[in-house]
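Quick notes on the structure that follows.
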Amino acid sequence: MMSIPPDEDLTLLFTALHAAADAAVLARVVAAGYPDIRVAHGYVFQHLVEGPMRISDLAHKLGMTPQGASKLVVDLEGRGYVWRRADPDDHRNRFVELTERGWGSIAAGRAARAAVTAEWRAVLGDAAADDVIAALQRLAAHTGGMRELLARRLRPRH
């Protein structure tokens, strides 16, 4: 069995960079006025940016039970990021949608990602950053990872 040094192991490097990126983005979002936001909340928000959604549909997209999604939504509602309302066609169902605070946290997240990207580009320099981006785009195409991301099919890890 071949052993790869940790600093040459792509999976370890990606894991380390993913954790560092999450931490850097989260720190900026918290500093922007969202101290109770969590990385996992983004998985919910990604499905709500296109408009209100039934909790049962959200659960399906998140790969969890309706009860689990409902609990998550109640927590986010308590934090002021979403609100629930009755389905006008079937009052047994509830729709969930982003509040102004939810939209604000999304904008803060986007700004934070842009700032982290700019910081990391500065560390690499433009030419090297362009090379890294091109290589990552090839890997994302090979793995289908970017396709899944853009289709909003990434799910939180349980």
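The values are calculated or read from the model by the stated rules, or taken from the named source; none is laboratory data. Every value quoted in this text rests on a predicted model; they were computed, and no experiment measured them. Glycine also receives a Cβ, built like all others from the backbone with ideal geometry; neighbour counts cover every protein chain displayed.
Is it true that some residue in region 48-60 is in contact (Cβ under 8 Å) with a residue 60 or more places away in the chain, over 21 Å from Asp90 (Cβ atoms) and within 15 Å of the chain's Cα centre (by Cα)?
Taking region 48-60 and keeping what is in contact (Cβ under 8 Å) with a residue 60 or more places away in the chain, we get none.
Looking through region 48-60, none of the residues is in contact (Cβ under 8 Å) with a residue 60 or more places away in the chain, over 21 Å from Asp90 (Cβ atoms) and within 15 Å of the chain's Cα centre (by Cα).
Of all residues in region 100-125, count the ones that are free of Cβ contacts under 8 Å to residues at least 24 places away in the same chain, farther than 20 Å from Pro52 by Cβ and not in a loop (DSSP other than H, G, I, E, B).
Count: 9.
Anything in region 102-158 that is among the polar types (S, T, N, Q) and under 19 Å from Leu76 (Cα atoms)? List them, or say none. So that I can check it myself, show each step before the final result.
Within region 102-158, the first condition is being among the polar types (S, T, N, Q), and the residues that meet it are 105, 117, 137, 143.
Of everything in region 102-158, just one residue is among the polar types (S, T, N, Q) and under 19 Å from Leu76 (Cα atoms), namely Ser105.
Just the residues that are surrounded by 12 or more Cβ atoms within 10 Å (Cβ to Cβ) and assigned to a helix (DSSP H, G or I), please, taken from region 24-45.
If the condition is that a residue be surrounded by 12 or more Cβ atoms within 10 Å (Cβ to Cβ) and assigned to a helix (DSSP H, G or I), then Ala24, Val25, Leu26, Ala27, Arg28, Val29, Val30, His41, Gly42, Tyr43, Val44, Phe45 are the ones that fit.
Taking region 23-56, which residues are at pLDDT 95 or above, among the charged types (D, E, K, R) and out of contact with any helix residue (DSSP H, G or I) (no Cβ under 6 Å at 6 or more places or on another chain)?
The one that is at pLDDT 95 or above, among the charged types (D, E, K, R) and out of contact with any helix residue (DSSP H, G or I) (no Cβ under 6 Å at 6 or more places or on another chain): Asp36.
Pull out all pairs, ordered by first then second residue, where Cβ-Cβ is under 8 Å, the residues are six or more apart or on different chains, the first lies in region 75-99 and is among the acidic types (Asp, Glu), and the second is modelled with pLDDT under 90.
Asp87/Asn93; Asp87/Arg94
Among Gly42, Gly51, which is the only one that is at positive phi, out of contact with any His (no Cβ under 9 Å at 6 or more places or on another chain) and not aromatic (Phe, Trp, Tyr)? Break it down stepwise before answering.
Numbers: Gly42 fails: at positive phi.
None of the other options fit; the residue is Gly51.
So, of the residues in region 98-113 that are surrounded by 14 or more Cβ atoms within 10 Å (Cβ to Cβ) and under 13 Å from Gly80 (Cβ atoms), which turns out to be nearest to the chain's Cα centre (by Cα)?
If we take residues in region 98-113 being surrounded by 14 or more Cβ atoms within 10 Å (Cβ to Cβ) and under 13 Å from Gly80 (Cβ atoms), then Ser105 is nearest to the chain's Cα centre (by Cα).
When residues of region 130-152 are filtered for being outside any helix (DSSP H, G or I) and either under 16 Å from His18 (Cα atoms) or in contact (Cβ under 8 Å) with a residue 24 or more places away in the chain (or both), how many remain? Can you show your working first?
In the first step, residues of region 130-152 are kept if they are outside any helix (DSSP H, G or I); the result is 144, 151-152.
If we keep only those that are either under 16 Å from His18 (Cα atoms) or in contact (Cβ under 8 Å) with a residue 24 or more places away in the chain (or both) too, we end up with 152.
Here the count works out to 1.
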